Amino acid sequence: MNVIYILWLRQLKRYFRSKSRIIGSLGQSVLFLVALGFGMGPIFERAGQGNYINFLAPGVIAQAILFMATFSGIELIWDKEFGFLKETLVAPVSRLEIMIGRTLGGATIATAQGIVVLILTLLVGFRPISFMLLPMTFLIMFLLSLFYTALGTAIASVLTDFHGFQLIMNFLVMPSFFLSGALFPLDNVPVLIKNIARINPLSYGVDALRQTLAGITNFGLTTDLFVLGIITVILLVTGSYLFSKIEI
């Protein structure tokens, strides 16, 4: 347990020392909220869909979590490159504990990022349907963070360079975000996009957040939580296996 706590704490310290990383990640979310929220809002309302800020805010929160969680894998490659990981792996502790500590640290940071973005959405006019549902919202944020942090760790475990990781993650992250229903309703989209959204893990995270924050859902909260729970367990097991196979 001490190893898990130490690695969790180390991830947090790394994040809070990087002011440019904090500002950059928050700036992207603010851009989506302001540019899309106010730019597309009138069109969304004329289409009879209601307040676009209320629809968009949960998607932007999920976007902040997605980017922060997946790119936490870069730190694993950084540790490989500069020898810190070797020092950690030769220590008389379980690799599973090391992986859990790193993953929990990344998931905690991504969840905190999501909470900060939630606060920012309040400043641009978003209002949750009930503040009583916020504990469930935070749970969904953490589950989504855990899944994508485990995904980033799994991919970083089999790569050795930053450029390869960034290319693969951009290939996965951007389509995952834009085809999740974060920016537009999935009700009347073409069948192909709707089917892609159904196999996209982020779609269920966005839908769950939108259900608890705005009262809008496509799949149902029970389905969202079930799918997120199952795929998170699968990714944690996969990530743990790949991490255990890292050669030093």
Cα-based equivalent ellipsoid, region 83-227: semi-axes from gyration tensor eigenvalues, Å:
31, 20, 14
Efficiency of FRET between residue 231 and residue 46 - r from beta-carbon atoms, R0 35 angstrom, step 0.05
0.40
Quick check: residue separation of residue 193 and residue 132 times 0.36 nm, minus the Cα distance between them. What number comes out in nm?
18.6 nm
Taking a crude spin-label model, label points 7 Å out from Cα along the C-beta direction, the residue 123 to residue 96 distance in nm is 4.4 nm
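Laboratory data are not the source of any read-out in this text; all were calculated from the coordinates shown. Keep in mind that what you see is a predicted model, and the values were worked out from it rather than measured. So basically every Cβ, Gly included, is an ideal-geometry build from the backbone, and we count neighbours across all protein chains shown.
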